[in-house]
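Read the figures in this text as sums done on the coordinates, not as results from a lab. The shown structure was predicted, so the numbers you read here are calculated from the model rather than taken from an experiment. No Cβ is skipped: glycine too gets one built from the backbone with ideal geometry, and neighbour counts run over all protein chains shown.
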């Protein structure tokens, strides 16, 4: 990822926010050729800003068939993002895109059956408990869950390099910064309104 200093962030809370709000992300590896899949990622905090990523994929997935213990992978999380039209500026310039992104390079550890079960329980509880009639692993029953687990590969990713990028028009002067926010707020797209709020909060 292109990484100008102006857009670099070391805010661990921002990293957590981007991952938790955009947890269905890309898992990328290289085995003779680039392989990529989408997977549900979980942030597992270990304390003192240390963490690992947990995920699982179907064993029939080409990534699962190739990936091995100790392999390096890339987890790519795209957060809020919006098109920024050059027509919003008070001068001639190019259009661009504002966005937040987290890239995590890490080493693979394959989960044990017990680790996979605990991962799936945490993941299911997180998304199901807010539902009207939540479906838990306990309700599914041990036999069913164990059968489904046989088709899943549980993966832990131990970070070796972490990059957090927040490109929110920090390179614009105050007048044009506010013009961008105003135009984003007038948009019919919900993501644009989210971006406008993020840009407003950045200035607080």
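Peptides 72-82, 137-147, 118-128, 192-202 ordered by packing proxy, namely the average of other Cβ atoms within 10 Å per residue, highest first: 72-82, 192-202, 118-128, 137-147. The label point for residue 173 and the one for residue 147, both projected 7 Å from the Cα toward the Cβ, are 6.8 nm apart. Against the chain, whose longest principal axis is taken from its Cα atoms, helix 113-128 shows a tilt of about 50°. Size descriptors for the chain (Cα atoms only): Rg and Dmax, in that order, 19.9, 65 Å.
Sorting the segments 15-28, 170-183 by their residues' average number of neighbouring beta-carbon atoms within 10 angstrom, most packed first, yields 15-28, 170-183. Taking only Cα atoms, what is the 0 to 90° angle, nearest 10, from helix 190-202's long axis to the longest principal axis of the chain? Helix 190-202 sits roughly 70 degrees off the main axis of the chain. Of interest is the spacing of the C-alpha centroids, which for region 178-194 and region 64-127 amounts to 24 Å. Spin-label pair residue 66-residue 204: with each label point 7 Å from Cα along the Cα-Cβ axis, the two points sit 4.4 nm from one another.
Using R0 = 22 Å, the C-beta based FRET efficiency linking residue 37 and residue 16 works out to 0.45. So, in Å, what gap is there between the alpha-carbon centers of region 10-52 and region 151-165? So the separation of the two Cα centres works out to 6 Å.
Seen from every direction in turn and averaged, the convex hull around the alpha carbons of region 142-204 projects onto 8.7 nm².
Sorted on the mean count of surrounding Cβ atoms within 10 Å across their residues, most packed first, peptides 155-164, 90-99 read 155-164, 90-99.
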